[in-house]
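Each remark here refers to the structure printed beneath this line.
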Amino acid sequence: MGFLLRWVCAFVLLAATYNPTPYNYIAWVSENGSAQLSVAVLAGLLLLIGYIIYLRATLRSIGAFGMGLVLALVGAILWVLYDFGLLNLENPGLNTWLGLVALSVVLGIGLSWSHVRRALSGQADMDDVDE
């Protein structure tokens with residue numbers, strides 16, 4: 001359940017920033033940013049804090065190489081689905097949503113990896129040890 005919650009939060013963070021609908025931060029700032037500059041800056045800073053939390057935790061737990069491996073694994077799964085005819089990549093909106101899912105999986109795994117490693121090995125990271 002912990003991983004699912006972390007993944008959903010990562011997906012919401014990415015989708016709130018950009019998605020193919022008009023309901024996202026980028027589209028809102030493009031239309032209303034100058035009229036509501038203080039709100040746009042506040043929302044942008046909140047999104048930035050979310051990205052810093054996720055990216056820092058992901059880089060510390062699985063690193064850039066691990067991020068690439070997870071992204072490659074998600075890409076290979078999408079490739080298999082495409083090869084078997086279960087996925088059609090003609091729709092650009094669907095492709096954007098697939099990209100958001102792929103990136104959110106990377107961030108969700110990155111934020112959860114220390115918990116998974118501790119559960120599998122019984123060893124705590126140095127960051128997890130209480131002083």
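Against the condition touching a residue at least 60 places away in the same chain (Cβ under 8 Å) and under 20 Å from residue 11 (Cβ atoms), how does residue 108 come out, does it pass?
Judged against the criteria, residue 108 is a match.
Each row is one residue, and each column tells you yes or no for (1) over 19 Å from residue 3 (Cβ atoms); (2) at pLDDT below 90; (3) β-branched (Val, Ile, Thr); (4) more than 14 Å from the chain's Cα centre (by Cα).
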| site | (1), (2), (3), (4) |
| --- | --- |
| 48 | yes, no, no, no |
| 71 | no, no, no, no |
| 82 | yes, no, no, yes |
| 87 | yes, no, no, yes |
| 93 | yes, no, no, yes |
| 99 | yes, no, no, no |
| 122 | no, yes, no, yes |
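Contact annotation: residue pairs with Cβ atoms under 7 Å, 6 or more positions apart or on different chains, pairing a residue in region 21-39 that is within 24 Å of residue 98 (Cα to Cα) and free of Cβ contacts under 8 Å to residues at least 12 places away in the same chain with a partner that is of a type in the set (Ser, Thr, Tyr) and open to solvent by less than 50 Å² (accessible area, probe 1.4 Å), are 24/17; 26/17.
Which condition number in (1) open to solvent by less than 40 Å² (accessible area, probe 1.4 Å); (2) touching a residue at least 24 places away in the same chain (Cβ under 8 Å); (3) under 14 Å from residue 108 (Cα atoms) is the one that residue 7 fails? Failed condition: (1).
For the condition outside any helix (DSSP H, G or I), surrounded by 14 or more Cβ atoms within 10 Å (Cβ to Cβ) and not polar (S, T, N, Q), what is the one hit in 78, 87?
Result of the check over 78, 87: 87.
Mind checking which residues of region 97-107 are over 11 Å from residue 62 (Cα atoms) and either of a type outside the set (Val, Ile, Thr) or open to solvent by less than 40 Å² (accessible area, probe 1.4 Å) (or both)?
97, 98, 99, 100, 102, 103, 104, 105
Within the set 27, 16, 43, the sole residue that is assigned to a helix (DSSP H, G or I), surrounded by 12 or more Cβ atoms within 10 Å (Cβ to Cβ) and under 12 Å from the mean Cα position of the chain (by Cα) turns out to be 16. Before we move on, is residue 49 in a helix (DSSP H, G or I), of a type outside the set (Ser, Thr, Tyr), touching a Ser or Thr at 6+ places or on another chain (Cβ under 7 Å) and without any contact (Cβ under 8 Å) to a residue 24 or more places away in the chain? So residue 49 does not fit the description; no.
Within region 30-40, restricting attention to residues that are polar (S, T, N, Q) and outside any loop (DSSP other than H, G, I, E, B), the residue that is surrounded by the fewest Cβ atoms within 10 Å (Cβ to Cβ) is 38.
The values are calculated or read from the model by the stated rules, or taken from the named source; none is laboratory data. None of these values were measured; they are calculated from a predicted model. A quick note on method: Cβ atoms are made from the backbone with ideal geometry, for glycine too, and the neighbour counts reach across all protein chains shown. For accessibility, only protein heavy atoms count, side chains too; no ligands or nucleic acids. Shrake-Rupley method; radii C 1.70, N 1.55, O 1.52, S 1.80 Å.
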